[in-house]
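Here's the structure, in structure tokens; my notes come after.
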Amino acid sequence: MNAILMNSFLVVCQLLYFALFAPCSVNSNISVENKPTDNKQNWVKIEANYPKINGMKNTAFQNNLNKDIENKVNDFLKDVEKSAKDTYDALGKTGFSPYEGMVNYEYFINGPVLSIIMEYYSYLGGAHGSTLRESINVNADKGELLQLKDMFKDKDNYKQYILKNINSEMSKDPEKYFSQKLDSFNENNFYLDKNGNLVIYFNQYDIAPYAAGIIEFKMPLN
């Protein structure tokens, strides 16, 4: 009898553990389709991949989101192509290194939260190209965009929590940054990684020189 009670107790403990601490399950209805495009000419090299999201219950929201992503990518590529062609023609087609436009992405699903990270790279002459990162976070179940404050139960102190983590990390290598301490950040620049951690990122030149690249700060989403 004691052995049976003990086994039952252990089973209950295991169930409680998984209920409390197991990571959020993946939303199995959501899938991401890759949409590639390219264009290689004497004046430009285009290589782009962007996502098309499928499986949301709110198809109107899904369609608008997909269209917004596609339009943003196409506008970016058109600007690179136009700048390349104009410069190529102006230089008389000599001494010209083709401009480049590249788009890539990655995505993570944490329960209902779908995070899409887009990166736009352009080389328009000069010593080096530049990369701009943008992120989109949505509640895939409800079909709505998420703001940073939506990630927190405590909506009064989330900024302080984030800044505390960022400044603590910056203090480990203060020479890397323009300033040794931050008192603000772009609340649009966030996503949840594969482990459900919150990632706050800064684009090139935001808080450090070009060589530092895009800088990330990861922290638990408490």
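The values are calculated or read from the model by the stated rules, or taken from the named source; none is laboratory data. Values in this document were obtained by computation on a predicted structure and should not be read as measured data. Positions of Cβ are generated from backbone atoms using ideal geometry, with glycine treated the same way; all protein chains shown enter the neighbour counts. Just the protein is used for accessible areas: all its heavy atoms, side chains included, with ligands, DNA and RNA removed. Shrake-Rupley method; radii C 1.70, N 1.55, O 1.52, S 1.80 Å.
Miscellaneous remarks
- Checking the cross-link pairs Lys153/Lys181; Lys40/Lys93; Lys40/Lys67; Lys35/Lys78; Lys52/Lys72; Lys45/Lys194 against a 20 Å limit on the alpha carbon distance flags Lys153/Lys181; Lys40/Lys67; Lys45/Lys194 as lying beyond it.
- Taking other residues whose beta carbon is less than 15 angstrom from the beta carbon of Lys82, and scoring Lys, Arg as +1 and Asp, Glu as -1, yields -3.
- Gln147-Ala211 FRET efficiency (beta carbon distance; Förster radius 22 Å; 0.05 resolution): 0.10
- Charged side chains reduced to their Cβ positions (Lys and Arg at +1, Asp and Glu at -1) give the chain a dipole of some 260 debye around its Cα centre.
- The residue list Met118, Met56, Asn157 was ranked by how far each Cα lies along the charge dipole of the chain toward its positive end, using unit charges on Cβ atoms, and Met56 comes out on top.
- Candidates Asn186, Asn203, Asn139: whichever shows maximal mean-square fluctuation once the chain is modelled as a Gaussian network with Cα springs under 10 Å: Asn186
- The range 87-222 shape via C-alpha gyration tensor axes, a/c threshold 1.5: oblate
- Accessible area per residue for the chain, computed on protein heavy atoms with a 1.4 Å probe, is 61 Å².
- HN-Hα J in Hz across the range 115-130 - Karplus 6.51, -1.76, 1.60, θ = phi - 60°, x for Gly and Pro: 10, 10, 10, 9, 10, 10, 10, 9, 10, 10, x, x, 6, 7, x, 9
- Of the trypsin sites (Lys or Arg not before Pro) in the range 31-113, the ones in a loop by DSSP (not H, G, I, E or B) with at most 15 other beta carbons within 10 Å are Lys57, Lys93.
- Each of Asn104, Leu192, Ile69 was placed along the dipole of the chain (beta-carbon charges, centred on the mean Cα), and the one lying farthest toward the positive end is Leu192.
- For the chain, adding -39500 (n - 2.57) for each run of n ≥ 4 DSSP H residues and dividing by the number of residues yields -10000 deg cm²/dmol at 222 nm.
- GNM remark for the chain: springs join alpha carbons under 10 Å apart, and the peak mean-square fluctuation among Gly92, Gly101, Gly111 falls on Gly92.
- Fraction of accessible area attributable to carbon and sulfur, the range 20-120 (%, probe 1.4 Å): 47 percent
- Amide proton proximity set for Gln41, modelled H, under 5 Å, gap of 5+: Ile46
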